[in-house]
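The values are calculated or read from the model by the stated rules, or taken from the named source; none is laboratory data. None of the values given here were measured: they were computed from a predicted structure. With ideal geometry, Cβ positions are generated from the backbone for all residues, glycine too; neighbour counts draw on all protein chains shown. The protein model used for the area step is the full one, side chains on, heavy atoms only, and it has no ligands, DNA or RNA in it. Shrake-Rupley method; radii C 1.70, N 1.55, O 1.52, S 1.80 Å.
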Amino acid sequence: SLINVGRDLYQFYFPVYAHNIGLSASMIGIVQAFNFGAELTVRLFLQRLLKAFKEERLLAYSFFVGALSIVLMPFFQNVFVLIVLSFMLGLGMGMGQPIITMLMYSYSPKGRTGEALGMRMSFIHLTKLVGPVAFGAIGSALGLVAMFVVNAGVMAAGGLLSRSVNEEAPAEASK
């Protein structure tokens, strides 16, 4: 859910920010295209990354890369820097989605994977309902920069939660 909120808020608030700093609609689209391209690109290398790092660690890295890139965005107006940050965000978010699905299969009790994935989808839909309202209120009350900072804080919290997972749990869950 946290990855989806981060990505959804980027897709909504980045164009607002980019318009405020004077980027054209075409340039905003190009910057966002680099984000989506990164999500695709990282999946081509995900198998190699998973061989080098444990899933939980890689998931934490994906959150931290996303948090770093999203918190820096409102402090830059140069389109090339925004492209790099957008690409970084795409790498983090593109890496996180498949890893979460893998971990759901690993950690769910035998025969209950469907329930676990159903709960994941329920949380995703709940955050799609609550996230825009909550972050819209933050943006209205504190401004656009605060929304980026809070979104980065949420992603960083996801990274911290991902790191604290016991790496022995998948073996125990299958018993």
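Annotations for the structure displayed:
- Solvent-accessible surface (1.4 angstrom probe) belonging to VAL84, in square angstrom, nearest 10: 80 Å²
- In order along segment 55-66, the phi-based Karplus estimate (6.51 cos²θ - 1.76 cosθ + 1.60, θ = phi - 60°) of 3J(HN,Hα) comes to 4, 4, 5, 5, 5, 4, 4, 4, 5, 5, 4, x Hz; Gly and Pro are listed as x.
- The angle separating the long axis of helix 144-163 from the principal Cα axis of greatest extent in the chain is about 20 degrees.
- Couplings 3J(HN,Hα) of segment 97-106, computed from phi: 4, x, 5, 4, 4, 4, 5, 4, 5, 5 Hz, in residue order, whole Hz [Karplus 6.51 cos²θ - 1.76 cosθ + 1.60, θ = phi - 60°; x for Gly and Pro].
- Length gained on full extension, ARG120 to LEU50: 23.0 nm, using 0.36 nm per residue less the C-alpha separation.
- For segment 107-166, the Stokes-Einstein estimate of translational diffusion at 10 °C and a viscosity of 1.306 mPa s comes to 117 µm²/s, using the Kirkwood hydrodynamic radius over alpha-carbon pairs.
- Taking ALA137, ALA18, ALA38 as the candidate residues, the one with maximal mean-square fluctuation in a Gaussian network model of the chain, Cα springs under 10 Å, is ALA137.
- One Cα centroid belongs to segment 110-137, the other to segment 1-73; the line between them spans 20 Å.
- Simple spin-label estimate for ALA134 and ALA157 gives 0.6 nm between the two label positions (7 Å along the Cα-to-Cβ direction from each Cα).
- Panel values: the chain, Kirkwood radius from alpha carbon pairs, Stokes-Einstein at 20 °C and 1.002 mPa s, translational diffusion coefficient 127 µm²/s.
- Helix-only mean residue ellipticity at 222 nm for the chain, each DSSP H run of n ≥ 4 adding -39500 (n - 2.57), per residue, nearest 500: -29000 deg cm²/dmol
- 3J(HN,Hα) along segment 32-41, derived from phi through the Karplus expression 6.51 cos²θ - 1.76 cosθ + 1.60 where θ = phi - 60°, amounts to 5, 4, 5, 5, 5, x, 5, 4, 6, 4 Hz, with x in place of Gly and Pro.
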